[in-house]
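What follows is calculated from the coordinates using simple rules that are stated; it is not laboratory data. Please read all numbers here as calculations on a predicted model, not as lab measurements. Glycine also receives a Cβ, built like all others from the backbone with ideal geometry; neighbour counts cover every protein chain displayed.
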Amino acid sequence: MRPVKNIKIKYHQEPSPPMNRPQKFLEAFAAMLKHSHYGYILDHFARIGTKCARCAVACPVHEATGRPEDIPCYRSELLLRVYRRHFTLEGRLQARIFGAPPLSDEDIDTMAEAFYRCTACRRCNFECPMGIDHGMITHLGRHILSEIGVVPKALHVSVREQLAGKTGNTSAIPLPALLDTLSFLEEELREQFNKEIKFPVDVEGAEYVFFAPVSDYLLEPDTLMGQAAVFFATGDSWTIGTGNYDGINYGLFYNDRFLEDIIKRELAEVRRLKGKKILIGECGHASRAAKVFVPAYGGEDAPPVINIIEYTCQAMESGKVRLRPDVIKERVTYHDPCNIARSGWIVDQPRKILRSFIKDFVEMEPHGCNNYCCGGGSGTVSVDEIRAFRTSIGGAKKAEQLRATGAQYVVAPCANCKKQLREVIEDHKLDMEVIGLHDLVLKAIAL
């Protein structure tokens with residue numbers, strides 16, 4: 001493939017009078033420093049900031065382009081420079097004495113380009129000798145930009161529909177359509193297993209309230225049926241809530257206010273149904289958002305958060321779920337979504353499940369905590385106009401890994417990773433299929 005060097009994103013624009021963008025950027029930055037804990041972290045990073053570029057060897061984007069501008073510490077320095085210049089005493093004094101230029105429109109455009117070239121996979125964190133979290137700086141930079149209206153239109157439209165739209169979900173699926181889909185999936189399961197496997201709806205007091213990425217109801221029927229089959233085997237109580245059935249949280253990618261609002265919608269639905277635990281489907285960023293921020297925003301009685309892979313692994317190890325080892329003949333590999341693997345949270349569980357019934361399982365190298373991003377992380381997969389960039393640069397290393405496995409099936413337990421990997425496979429002309437973990441469970445489960 002011919003690599004695409006630059007990205008051209010369609011940004012959201014509200015009808016408004018012309019603004020002084022640098023002034024508004026600094027005002028938004030000042031508000032965040034005043035009302036959050038970012039100031040303590042930035043002050044620390046600004047003092048120890050290094051330009052050793054060791055992070056360059058870990059970044060798949062820089063590996064594909066070789067551009068100095070794609071080195072993580074170079075990108076982080078764009079925001080740290082603004083912090084030092086405008087929000088530290090030393091920076092203001094130096095600017096007055098030496099005449100350092102203030103923030104400009106060109107600086108804002110440079111930051112917007114840089115921060116949306118980053119997938120925030122945080123692989124670079126393993127290499128930084130000073131412990132700088134470049135992914136967090138990317139997120140903060142996007143957060144500030146979003147407060148002055150610089151946000152990809154794709155992300156803005158999805159979040160607006162989820163928080164203020166009629167359907168309340170990122171894919172704009174109305175409730176009647178959801179219920180029709182669930183009824184259809186139940187019929188499919190009845191034909192396949194000759195059993196009444198249900199998708200329970202609005203059950204009060206259930207052990208688990210289930211939040212899938214809502215796009216699964218449109219695009220991943222086998223994933224959902226595999227999950228329902230697992231619950232049929234265990235007999236545990238679970239439910240889907242009609243008040244909120246979308247686990248996606250794009251606020252995690254670019255705006256803390258929206259992140260909090262979406263988490264509180266999840267909490268409200270669990271409490272409405274008097275559920276005990278939050279169960280997130282096969283979605284890396286939805287899982288991380290809930291796991292990290294439900295305790296932060298949920299108070300002392302915040303419900304525990306569990307990923308469906310954890311649940312299925314426990315059910316298998318306890319003997320409640322049996323998977324037939326003679327069903328899947330093809331070679332299978334597994335892609336680690338950054339949001340659940342980088343911290344070491346969900347690494348071994350999917351491999352235990354797959355190795356229990358897959359005879360020809362191969363790993364990508366590296367994998368686990370040190371995996372390579374699919375190339376569409378941090379919400380960039382939703383920005384269709386930069387597909388060529390995502391697959392030829394962001395996903396170049398992943399394409400190389402996939403080709404080396406020779407696998408027929410690529411298991412990717414994340415809605416965003418699935419979309420990105422399918423596009424990588426198509427654009428790089430690879431002969432393999434992307435599926436969810438529970439797609440294979442559905443094929444092999446013995447009821």
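Once divided by 2.2 N^0.38 Å, the Cα radius of gyration of segment 21-151 becomes 1.02. Excluding same-chain neighbours fewer than eight residues apart, the lysines reachable from Lys34 by a Cα-Cα span under 18 Å are Lys24.
Pairs Lys397/Lys418; Lys359/Lys443; Lys329/Lys443; Lys277/Lys320; Lys195/Lys443; Lys153/Lys264: which exceed 18 Å Cα-Cα? Beyond 18 Å: Lys277/Lys320; Lys153/Lys264. For segment 363-447, the list of trypsin sites (Lys or Arg not before Pro) that fall in a loop by DSSP and count at most 16 other C-beta atoms within 10 angstrom reads Lys429.
Amide H to amide H, with H built 1.01 Å from N, Val201 comes under 5 Å of Ile240, counting only residues 5 or more places away or on other chains. Across all C-alpha atoms in segment 321-446, the radius of gyration and Dmax reach 14.1, 43 Å. Look at the alpha carbon pairs under 8 Å that are at least 6 residues apart: their mean separation over the length of the chain gives a relative contact order of 17 percent.
Loop-located chymotrypsin sites (Phe, Trp or Tyr not before Pro) in segment 99-181 (DSSP state other than H, G, I, E, B) with a sparse environment of at most 16 neighbouring Cβ atoms within 10 Å are absent. In plain terms, the residue of Val441, Val294 with the fewest other Cβ atoms within 10 Å comes first and the most crowded comes last, giving Val294, Val441.
Note on Rg and Dmax of the Cα atoms in Å: of the candidates (i) 28.4, 94; (ii) 23.5, 77; (iii) 22.5, 80, the value calculated from this structure sits at (iii).
Summing charges over neighbours of Ile346, with a neighbour being any other residue whose Cβ is under 9 Å away from its Cβ, gives -3 when K and R count +1 and D and E count -1. Per-residue ellipticity at 222 nm computed for the chain from its helices equals -15000 deg cm²/dmol, with DSSP H segments shorter than 4 residues left out and the rest contributing -39,500 (n - 2.57). Summing Lys and Arg as +1 and Asp and Glu as -1 over all other residues whose Cβ lies under 9 Å from the Cβ of Leu447 gives a net charge of +2.
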